[in-house]
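Enquirer: Have a look at this one.
The values are calculated or read from the model by the stated rules, or taken from the named source; none is laboratory data. Please read these numbers as outputs of a predicted model, since none were measured by experiment. As a convention, Cβ positions derive from the backbone with ideal geometry for all residues, glycine included, and neighbour counts pool all protein chains shown.
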Amino acid sequence: MDSLLKKNLKIENYMTDKEKIDDGNWANCYICELVFNRKRETKRYCYYCKKGICEGEHGTFQGQKFAICLVCYNMHKVKDN
Ligand SMILES: [Zn+2]
Ligand SMILES: [Zn+2]
């Protein structure tokens, strides 16, 4: 119980969303949290910024594993042009 609590605290405070998801945990979509102040759990993360993004709404998905958040998508699109 005690070690589980410590593990959860560690996950919350020190791990990136990518690390959480790779470890089999859920992460929160950072755009939902930032813009709408709500928590939406996801198992997808952005290829560029490694932050959690909810499926369909705040990410562009290229195949099974590769996803880009809307912020990075717009940023890299501008860079390419
Ligand atoms: Zn979202
Ligand atoms: Zn991103």
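Enquirer: Among the residues of the stretch 33-47, which ones are farther than 16 Å from ALA67 by Cα, surrounded by 14 or more Cβ atoms within 10 Å (Cβ to Cβ) and touching a Cys at 6+ places or on another chain (Cβ under 7 Å)? Show your work before the answer.
Expert: Filtering the stretch 33-47 for residues farther than 16 Å from ALA67 by Cα gives 33-40.
Restricting the remaining residues to those that are surrounded by 14 or more Cβ atoms within 10 Å (Cβ to Cβ) gives 33, 40.
Hit for the stretch 33-47 is ARG40, nothing else.
Enquirer: While we're on this one: Give me the residue from the stretch 37-58 that is of a type outside the set (Ser, Thr, Tyr) and near ligand 1 (Cβ under 8 Å from one of its atoms) and, out of that set, nearest to THR16 (Cα to Cα).
Expert: Kept after step one, since they are of a type outside the set (Ser, Thr, Tyr), are these residues of the stretch 37-58: 37-41, 43-44, 46, 49-58.
Remaining after also requiring near ligand 1 (Cβ under 8 Å from one of its atoms): 40, 53-54, 57-58.
Numbers: ARG40: 16, ILE53: 12, CYS54: 15, GLU57: 21, HIS58: 18 Å.
Looking at residues that are of a type outside the set (Ser, Thr, Tyr) and near ligand 1 (Cβ under 8 Å from one of its atoms), I get ILE53.
Enquirer: Contact list please: Cβ distance under 7 Å, first residue in the stretch 37-53 and basic (Lys, Arg), second residue more than 10 Å from ligand 1 (Cβ to nearest atom), pairs at least six apart or on different chains.
Expert: Note: pairs meeting the criteria are LYS43/ILE21; LYS43/TRP26; ARG44/ALA67; LYS50/THR16; LYS50/ASP17; LYS50/LYS18; LYS51/ASP17; LYS51/TYR45.
Enquirer: Only helices (runs of 4 or more DSSP H) wholly contained in the chain count here; list those with 1 or more residues that are at pLDDT 90 or above.
Expert: Values: elements: 2-14, 17-22, 70-80.
Because the criterion is at least 1 residues that are at pLDDT 90 or above, the helices (runs of 4 or more DSSP H) in the chain that meet it are 17-22, 70-80.
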